[in-house]
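A.B. asks: Just passing along the structure, written as structure tokens.
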Amino acid sequence: MTLQDVRGPDRVSSLPHATRSEVFATKGMAATSQPLATQAAIEILRAGGNAIDAAIAANAVLALVEPTGCGLGGDLFAIVWSAEEGGLVGLNASGRSPASLTLEHLRSLEIDAIPPHGPLPVSVPGCVDGWCVLSERFGALPLAAVLAPAIRYARQGFPLSELVAYYWSRNANVLSKYPGFAEQFLVDGRAPAKGEVFRNPNLASTLEAIAKNGRDGFYAGEVAERIGDFMAEHGGFLTAEDLTAHRSTWVAPVSTRYRGYDVWELPPNGQGIAALQMLNLLEPYDLAEMGWGSADYLHHFVEAKKLAFEDRARLYADPDFANVPVAKLISKEYANERRKLIDSKRAAQRYDAGARLQDGDTIYVATGDAEGNMVSLIQSNYRGMGSGMAPDGLGFVLQDRGELFDLEPGRANTYAPGKRPFHTIIPAFVTKDGAPYLAFGVMGGGFQPQGHVQVLVNMLDFGMNLQEAGDAARWEHAGSSQPTGERMIDGGIVSAESGIGAEARAGLRERGHTLGDRRGVYGGYQAVMRLPTGVLVGASESRKDGMAAGY
């Protein structure tokens with residue numbers, strides 16, 4: 001037997017695949033992909049902050065300790081249950097494309113797609129404005145107090161965790177040639193190693209400017225000017241004026257009912273409604289009877305995903321530039337019509353969209369407090385550490401979300417100046433009988449809607465608890481049409497973790513599915529649940545370095 005054959009212990013109080021128990025507390029709860037970020041959230045809750053303050057504090061620490069997934073140069077989305085307002089509020093804190101970069105210019109470069117790195121894919125970073133507007137509307141503590149843990153760790157340093165060190169090294173191999181990256185994110189020309197203490201005084205200074213001046217500490221004045229000057233020097237189009245003009249948008253979350261629970265996502269420019277479409281398509285099937293991990297269940301799941309993602313590719317875009325028929329797409333009637341296309345015995349090679357007009361590392365944070373506030377927050381640079389463009393002296397990398405624009409004229413997601421690109425990062429929320437129930441997310445680029453559905457089905461169809469639902473083996477279908485207009489292999493490829501057995505794999509092949517063997521594409525799950533008693537439950541899966549904690 002080799003070390004690869006070693007399996008974990010036999011748990012006596014939960015399903016065998018669970019890696020740990022759920023976490024329970026009454027005063028506050030946080031679940032993040034980094035222990036230091038979770039502890040920062042608890043620190044803020046103990047100091048009198050609420051769930052919104054805790055989520056911002058955790059995100060700020062994650063921007064330091066997990067730059068492989070998030071940062072001040074990226075975008076943010078959140079769903080908040082406000083105890084004071086008595087309902088859900090959504091925030092779209094994603095940035096727009098540079099005003100001076102045109103589709104005509106991009107097409108004149110004779111490129112098929114916007115490249116993943118360098119100056120061209122850079123769009124306005126929306127994260128910091130998201131923090132500021134969340135804090136202003138809902139926060140109980142000053143923003144300076146909320147950012148204090150991140151500033152402290154940035155000055156004093158932090159030891160890298162295992163998975164972050166792995167991805168940092170992989171990012172460094174690709175991004176070290178881009179301006180500002182090596183100087184700010186390498187140590188003696190290499191990525192920092194697991195357990196090595198890394199300091200980022202440049203980021204500390206940027207956070208201090210935000211703590212002192214709010215959004216103007218980032219979107220106006222010295223920081224904005226330095227970003228604009230840096231981009232101009234290196235052939236970019238993002239300007240200080242683009243930053244100053246940016247504003248986040250409050251949006252109404254949209255929902256569908258599944259097994260008696262209301263599942264909430266944010267409308268496009270994100271992909272959240274794909275999860276709602278998939279749930280609608282799956283609802284009439286008796287998944288529990290099919291059996292968890294069976295070929296029958298996986299087949300119907302994959303076919304539902306294909307249908308939803310064809311609509312995603314053609315219709316999901318910035319609603320200020322495209323007429324996205326959200327109400328139709330998430331309706332039960334639409335699902336009933338589309339479901340007729342599914343052959344229970346055979347995989348479809350392709351579907352057409354039902355209406356007319358993916359690599360990405362991310363962080364996710366869930367928090368809850370004793371007053372009843374809950375936050376589902378997700379934030380990302382896209383493609384791990386983003387574009388590679390790291391403005392001098394500021395301690396972060398600018399995102400490359402603009403890569404996801406389409407360069408073909410006339411499509412929903414076609415590039416335009418001042419337009420928000422299609423987005424993969426999606427927070428999720430569940431209510432039960434009008435009360436807050438679950439804030440959760442599953443990181444991982446285009447996988448995220450698939451992850452949302454798998455977690456919910458694990459809980460609502462198969463009776464798994466909050467931890468078991470995230471620890472269960474996952475599968476991914478890749479190869480549907482992309483928002484850039486690109487079509488992959490007909491029928492796509494289904495990959496699965498080792499917990500999906502040989503019988504299920506054989507059954508998928510018999511139905512005509514092509515199987516692959518991808519690793520590390522199955523996301524990272526965090527969740528906070530509120531029981532009717534007011535007790536908070538937290539979960540954090542083992543695919544990431546994180547933890548859930550409460551007090």
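A.B. asks: Which numbered condition in (1) under 25 Å from D216 (Cα atoms); (2) open to solvent by less than 10 Å² (accessible area, probe 1.4 Å) is the only one that S100 fails?
C.D. replies: Among (1) under 25 Å from D216 (Cα atoms); (2) open to solvent by less than 10 Å² (accessible area, probe 1.4 Å), the lone unmet condition for S100 is (2).
A.B. asks: Take the residues of the range 493-532 that are of a type in the set (S, T, Y) and assigned to a loop (DSSP other than H, G, I, E, B): which is modelled with the highest pLDDT? Break it down stepwise before answering.
C.D. replies: So the first thing to find is which residues in the range 493-532 are of a type in the set (S, T, Y), and the list is 495, 498, 514, 522, 525.
Imposing the further condition that a residue be assigned to a loop (DSSP other than H, G, I, E, B) reduces the set to 498, 522.
Numbers: S498: 89, Y522: 83.
Out of the qualifying residues, it is S498.
A.B. asks: Within the set of pairs 6+ apart or on separate chains, which have a first residue in the range 269-293 that is closer than 20 Å to L315 by Cβ, a second that is among the polar types (S, T, N, Q) and not in a helix (DSSP H, G or I), and C-beta atoms under 6 Å apart?
C.D. replies: Q271/T424; L276/T256; L279/T256; N280/T256
A.B. asks: Do we find a residue being closer than 30 Å to R96 by Cα and not β-branched (V, I, T) anywhere in the range 340-349?
C.D. replies: Applying the first criterion (closer than 30 Å to R96 by Cα) to the range 340-349 yields none.
No, every residue in the range 340-349 fails to be closer than 30 Å to R96 by Cα and not β-branched (V, I, T).
A.B. asks: What are the pairs, 6+ residues apart or on separate chains, where a residue within the range 523-538 that is on the phi > 0 side of the Ramachandran plot has its Cβ under 9 Å from a residue that is among the hydroxyl-bearing types (S, T, Y) and open to solvent by less than 40 Å² (accessible area, probe 1.4 Å)?
C.D. replies: Matching pairs, first to second residue: G523/T362; G523/Y364.
A.B. asks: Also: Would it be correct to say that A274 is open to solvent by 10 Å² or more (accessible area, probe 1.4 Å) and either out of contact with any Phe, Trp or Tyr (no Cβ under 8 Å at 6 or more places or on another chain) or in a helix (DSSP H, G or I) (or both)? Working first, answer last.
C.D. replies: Details: open to solvent by 10 Å² or more (accessible area, probe 1.4 Å): no; either out of contact with any Phe, Trp or Tyr (no Cβ under 8 Å at 6 or more places or on another chain) or in a helix (DSSP H, G or I) (or both): yes.
For A274, the condition - open to solvent by 10 Å² or more (accessible area, probe 1.4 Å) and either out of contact with any Phe, Trp or Tyr (no Cβ under 8 Å at 6 or more places or on another chain) or in a helix (DSSP H, G or I) (or both) - is not met.
A.B. asks: Report every pair of residues separated by at least 6 positions or lying on different chains whose Cβ atoms are under 7 Å apart, first residue within the range 377-406 and farther than 20 Å from A154 by Cα and modelled with pLDDT under 95, second of a type in the set (K, R) and crowded, with 24+ Cβ neighbours inside 10 Å.
C.D. replies: Y382/R401
A.B. asks: Would you confirm whether or not the range 338-349 contains a residue that is open to solvent by 10 Å² or more (accessible area, probe 1.4 Å), farther than 25 Å from T68 by Cα, touching a Leu at 6+ places or on another chain (Cβ under 9 Å) and among the β-branched types (V, I, T)?
C.D. replies: Checked against the condition, which is being open to solvent by 10 Å² or more (accessible area, probe 1.4 Å), farther than 25 Å from T68 by Cα, touching a Leu at 6+ places or on another chain (Cβ under 9 Å) and among the β-branched types (V, I, T), the range 338-349 yields at least one hit.
A.B. asks: When you check T249 against the structure, is it modelled with pLDDT of 95 or more, under 25 Å from L143 (Cα atoms), open to solvent by 10 Å² or more (accessible area, probe 1.4 Å) and among the polar types (S, T, N, Q), yes or no? Walk me through how you get there before you give the answer.
C.D. replies: Details: modelled with pLDDT of 95 or more: yes; under 25 Å from L143 (Cα atoms): yes; open to solvent by 10 Å² or more (accessible area, probe 1.4 Å): yes; among the polar types (S, T, N, Q): yes.
In short, yes.
The values are calculated or read from the model by the stated rules, or taken from the named source; none is laboratory data. What you see is a predicted model, and the numbers here were worked out from it, not measured in a lab. Cβ atoms come from the backbone with ideal geometry, glycine included; neighbour counts cover every protein chain shown. The accessibility values were calculated without ligands, DNA or RNA, using every heavy atom of the protein model including side chains. Shrake-Rupley method; radii C 1.70, N 1.55, O 1.52, S 1.80 Å.
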